[in-house]
1. Tell me the relative contact order for segment 7-110 as a rounded percent, counting alpha carbon contacts under 8 Å between residues six or more apart.
2. Can you list residues from other chains, or at least 5 along the same chain, whose modelled amide H is less than 5 Å from the amide H of L52?
3. Going by average Cβ density within 10 Å per residue, which order do the peptides 132-142, 115-125 take, highest to lowest?
4. Under 15 Å from the Cα of K148, which aspartates and glutamates turn up, not counting those fewer than eight places away in the same chain?
5. Show H28, H66 ordered by accessible area, largest first, where the area counts protein heavy atoms only and the probe is 1.4 Å.
6. If you count, for each residue, the other Cβ atoms within 10 Å and average over each peptide, how do 91-102, 71-82 line up from highest to lowest?
7. Using modelled backbone amide H atoms (1.01 Å from N, in-plane), which distant-in-sequence or interchain residues come within less than 5 Å of Y9's amide H?
8. How big is the Cα convex hull of the chain in projection, averaged over all directions, in nm²?
Amino acid sequence: MKSHNSIVYVDADSSPVKQEIISACAAHHVPVRFITTINHLSSDSDASWVVLDPVDQAVDWYILNHISPGDCVVTQDLALATLLTAKDVTVITPRGELITEADADEILLRKHMRIQNQRQGKRIKGPSKLTAADRRRFLTIFSSFCRKMQESDGSC
C-alpha cells in the first residue's frame with residue numbers, strides 16, 4: 001500500500017485554469033494546493049492556498065521542496081517542469097500538454113535561445129492566448145489524471 005496520497009500542486013501565479021482544476025479535483029476527491037506569492041493571490045476561497053512572500057522563484061522552490069513521487073504539478077513554467085519530471089512527478093501545462101523527462105533537452109535549449117535573443121535586444125513573442133479548445137483539452141487530460149490518482153490512492 002502506498003504511504004503517500006498524491007497531491008496536485010498548482011503554480012498559481014499565472015495559472016489560467018484554476019477553476020477547471022478546482023472542479024476536476026473536487027469531482028475526483030483529489031487534494032489540491034495552489035501555490036502563489038502574495039502579489040498574485042486570487043479570491044478562489046474554495047481551494048487550499050499556500051501564500052508566499054514575493055521573492056523571485058519562491059513558488060518554484062516551494063513546489064520543489066514539497067512534492068513527492070506520484071504527485072502532479074500544473075505549471076506554465078517549462079524550466080520548472082524539467083526539474084519535476086526527474087522527480088517522478090506528472091507535469092501538465094494549462095494547455096493540456098504532458099511534459100516528460102524526454103522533453104527536457106528541447107525545453108532547455110529553447111529557453112537558452114530565448115535568453116540569447118533577449119540579450120541581443122530581439123523582440124520575444126509570448127504565448128498565444130488560451131483558447132476554449134485549450135481549456136477543454138486541459139480539462140480532459142487533467143480529469144483523466146485525477147481519475148487515475150483517485151483509483152491508485154484508494155480515495156472515495
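1. 25
2. Hits under the 5 Å cutoff: T36, T37, I38.
3. 132-142, 115-125
4. Within the straight-line limit of under 15 Å, K148 reaches these aspartates and glutamates: D71.
5. Working: H28 25, H66 85 Å².
Descending accessible area places them as H66, H28.
6. Answer by packing, highest mean first, reads 71-82, 91-102.
7. R33, C72, V73, V74
8. 10.0
The values are calculated or read from the model by the stated rules, or taken from the named source; none is laboratory data. Just so you know, these numbers come straight off a predicted model, no measurement behind them. Here the Cβ is made from the backbone with ideal geometry for all residues, glycine too, and neighbour counts use every protein chain on show. With ligands, DNA and RNA removed, areas are computed over all heavy atoms of the protein, side chains included. Shrake-Rupley method; radii C 1.70, N 1.55, O 1.52, S 1.80 Å.
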